[in-house]
Amino acid sequence: MTSIPTPADLTITPRDRRFAPAGDARRLWHGGRVEATAIYNALSATFPRGEAFFVESVRAFREAAPDKLAEEIKAFTTQEVIHSREHLAFNRRAAESGYDLSKLEAQVLKRLAVTKSRPPIVSLAATMALEHFTAILAHQLLRDPTHLAGAERDAAELWRWHACEEIEHKGVAYDTWLHATRHWPRAKRWKVKAKVMLYITRNFVVDRTAGALELMRQDGVTGLNAWARLLWYLWIRPGMFRKIAGAWLKFFLPGFHPWNEDDRQLLRAYEAAQPLDAAVPARQVRRARA
Ligand SMILES: [Fe+2]
Ligand SMILES: [Fe+2]
């Protein structure tokens, strides 16, 4: 059995929160900036379908998982189901403010259809790779407040809450993968993992960039101006993609595990910064059916 460095005292706690405020949605919720709003909206457009896919992919291996991992899969599922619900609400508000997300959503469905046509272990590998992505994005988002500087409070809260739970469950898909492939030769495991990560990364960067450009176009920003503003935002300042590059590379190191970096101090800081009403220990939410 592979040794698993997920901290023994880690608890994965679904926080059943709701973020959609009453009233009109503000179109450029991210500091009035077209490119900032566009990239976060583009990411959010992928979540409802994407996270449902993560849940399906990991749960396909739950039966065979040891008890502790099976429990973690349950908590992971509950968290992702609530994330989907809240991002659906977030996306609805973006639509109400005039954005058309349908092209972006269609692209997600197209990508998922390709992966789903392969054996279940491929879906699990894709989930594991994408969960590494969400975990390192989440780490950056919580660590560096400049990413959400100027954003509307409720929207920023949604993204921080999501980031916190992504860090908390970042080892689940990975541990499920380690367990499911425990009899594979090391070289094969690494090869599949690396190949899938490269494929996912290419699609992630290309699709999110195209998605953001499409939303910027809907705001009347096009051509070279749109490219320059978006690339500057993603790669220079605040430079999210540049800042996660090192953490992304670590995925390819032998002995990699998401919990090799224990970043639970970010979770503690998140909890400590919550207003009292939100900090009430997350009530036990219904578990997704096992
Ligand atoms: Fe999530
Ligand atoms: Fe996740």
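Evaluation of ARG85 against the conditions (1) more than 14 Å from ligand 1 (Cβ to nearest atom); (2) under 27 Å from ARG160 (Cβ atoms); (3) of a type in the set (Lys, Arg) shows that the sole unmet condition is (1).
For segment 159-196, filtering for residues that are touching a helix residue (DSSP H, G or I) at 6+ places or on another chain (Cβ under 7 Å) and within 16 Å of ligand 2 (Cβ to nearest atom) leaves 18.
The set of residues from segment 135-158 being away from ligand 2 (no atom under 16 Å from the Cβ) and either touching a residue at least 12 places away in the same chain (Cβ under 8 Å) or among the polar types (S, T, N, Q) (or both) comprises ARG143, ASP144, THR146, HIS147, LEU148, ALA149, GLY150, ALA151, GLU152, ASP154, ALA155, GLU157. Would a scan of segment 109-128 turn up a residue that is buried (at least 18 other Cβ atoms within 10 Å of the Cβ), within 12 Å of ligand 1 (Cβ to nearest atom) and under 28 Å from PRO258 (Cα atoms)? Yes: one or more hits.
ALA36: surrounded by 19 or more Cβ atoms within 10 Å (Cβ to Cβ) and of a type in the set (Gly, Ala, Ser), yes or no? Outline the logic, then answer.
Numbers: surrounded by 19 or more Cβ atoms within 10 Å (Cβ to Cβ): yes; of a type in the set (Gly, Ala, Ser): yes.
Answer is yes for this residue.
Summed over segment 80-106, the residues that are in a helix (DSSP H, G or I) and buried (at least 20 other Cβ atoms within 10 Å of the Cβ) give a count of 10.
Test each condition in (1) within 28 Å of ALA210 (Cβ to Cβ); (2) in contact with a helix residue (DSSP H, G or I) (Cβ under 9 Å, 6 or more places away or on another chain); (3) away from ligand 1 (no atom under 12 Å from the Cβ) for ARG62 and report the one that comes out false. (1) is the only condition that ARG62 fails.
For segment 39-74, the set of residues classified as open to solvent by 40 Å² or more (accessible area, probe 1.4 Å) and either in a helix (DSSP H, G or I) or without any contact (Cβ under 8 Å) to a residue 40 or more places away in the chain (or both) consists of ARG49, ALA52, GLU56, ARG59, GLU63, ASP67, LYS68, GLU71, LYS74, listed by residue number.
Return a yes/no flag: does segment 158-176 have any residue that is hydrophobic (A, V, I, L, M, F, W, C), more than 30 Å from PRO21 (Cβ to Cβ) and open to solvent by 10 Å² or more (accessible area, probe 1.4 Å).
The answer is no, given that none of the residues of segment 158-176 is hydrophobic (A, V, I, L, M, F, W, C), more than 30 Å from PRO21 (Cβ to Cβ) and open to solvent by 10 Å² or more (accessible area, probe 1.4 Å).
Specify which of the listed residues (ALA194, ALA212) is in a helix (DSSP H, G or I), at negative phi and within 17 Å of the chain's Cα centre (by Cα). Step through it out loud before you land on a result.
Working: ALA194 fails: within 17 Å of the chain's Cα centre (by Cα).
The match here is ALA212.
Note on segment 239-271: among residues that are at pLDDT 95 or above and among the small types (Gly, Ala, Ser), the one that is surrounded by the fewest Cβ atoms within 10 Å (Cβ to Cβ) is GLY246. Can you confirm whether LYS188 is outside any helix (DSSP H, G or I) and farther than 21 Å from LEU88 by Cβ? Against the criterion (outside any helix (DSSP H, G or I) and farther than 21 Å from LEU88 by Cβ), LYS188 does not qualify.
The values are calculated or read from the model by the stated rules, or taken from the named source; none is laboratory data. Values in this document were obtained by computation on a predicted structure and should not be read as measured data. Note: ideal-geometry Cβ built from the backbone for every residue, glycine included; neighbour counts use all protein chains shown. Just so you know, the surface numbers come from the protein's heavy atoms only, side chains and all, with ligands and any DNA or RNA stripped out. Shrake-Rupley method; radii C 1.70, N 1.55, O 1.52, S 1.80 Å.
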